[in-house]
Amino acid sequence: MESNNANHRFKGHRYITRGFHHRIPSEVQEKLWQLIDDLKKTDIEMDYLMVFELRIRIDTEHDKKKYMQVIEHTQQIPPYKNIIEMEVENPVQEKVFIISTEDSSLELREYSTAMLAEEY
């Protein structure tokens, strides 16, 4: 299978909005960027828009609560879906977009922005 040129997306500087910064725990922020970086290393064509549904799951093992952040990572074209879980202190329930932008009119031609869906 030939490597797809769409994996050139999500290069350059990375920006985050205020809402993303304040409402998404830092370890979850890092994981979202890592999921994109991991996808870039594959032959899967990447859309300019990555969608992350963040949900909360609480495990109770031996009378001890474990807070899990469920991350559902999707894109529309081509269809892609990956679900992971990670243990965190304060999981959140949010929808996040990370958008890759290319603009030849700007000095900074390529950049990515992470934002809450409500900030789009």
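The values are calculated or read from the model by the stated rules, or taken from the named source; none is laboratory data. As the structure is a computational prediction, the values presented were derived from the model and not from experiment. Note that each Cβ is placed from the backbone with ideal geometry, even for glycine, and that neighbours are counted across all protein chains shown. Protein only, heavy atoms only, side chains kept; ligands, DNA and RNA dropped before computing areas. Shrake-Rupley method; radii C 1.70, N 1.55, O 1.52, S 1.80 Å.
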Legend entry - Under 13 Å, Cβ to Cβ, from Ile36 - net charge with Lys/Arg +1 and Asp/Glu -1: +2
Inset, instruction - Mind grabbing the accessible area of Thr60 for me, 1.4 Å probe, Å², rounded to tens? - result: 100 Å²
Legend entry - Protein-only accessible surface order, largest first, of Phe20, Phe97 at 1.4 Å: Phe97, Phe20
Inset, instruction - Give me the aspartates and glutamates in straight-line cross-link reach of Lys81: C-alpha distance below 16 Å, same-chain residues under 8 apart excluded. - result: Asp37, Asp38, Asp43, Glu45, Asp47, Glu53, Glu72
Legend entry - Theoretical FRET efficiency, 1/(1+(r/R0)^6), r = Cβ-Cβ of His62 and Tyr120, R0 30 Å, to 0.05: 0.10
Inset, instruction - Find which of Val96, Gln29, Gly19 sits farthest along the positive direction of the dipole of the stretch 1-112, computed with +1 on the beta-carbon of Lys and Arg, -1 on that of Asp and Glu, about the Cα centre. - result: Gly19
Inset, instruction - Give the angle, between 0 and 90 degrees and rounded to the nearest 10, that separates the Cα long axis of helix 26-40 from the longest principal axis of the Cα atoms of the chain. - result: 50 degrees
Legend entry - Charge tally in the Cβ shell below 9 Å around Phe52, where Lys, Arg are +1 and Asp, Glu are -1, Phe52 excluded: -2
Inset, instruction - With Cα extents along the principal axes in Å defined as stated, name the option among [x] 41, 37, 29; [y] 38, 30, 26; [z] 56, 37, 19 computed from the structure displayed. - result: [z]
Inset, instruction - For each pair in Lys11/Lys65; Lys40/Lys95; Lys31/Lys65; Lys41/Lys95, compute the distance between the two Cα atoms and list the pairs where it is over 30 Å. - result: Lys11/Lys65
Legend entry - 9 Å beta-carbon shell around Asp103, net charge (K/R +1, D/E -1): -1
Inset, instruction - Report relative contact order for the chain in percent, whole number only (criteria: Cα-Cα under 8 Å, sequence separation at least 6). - result: 32 percent
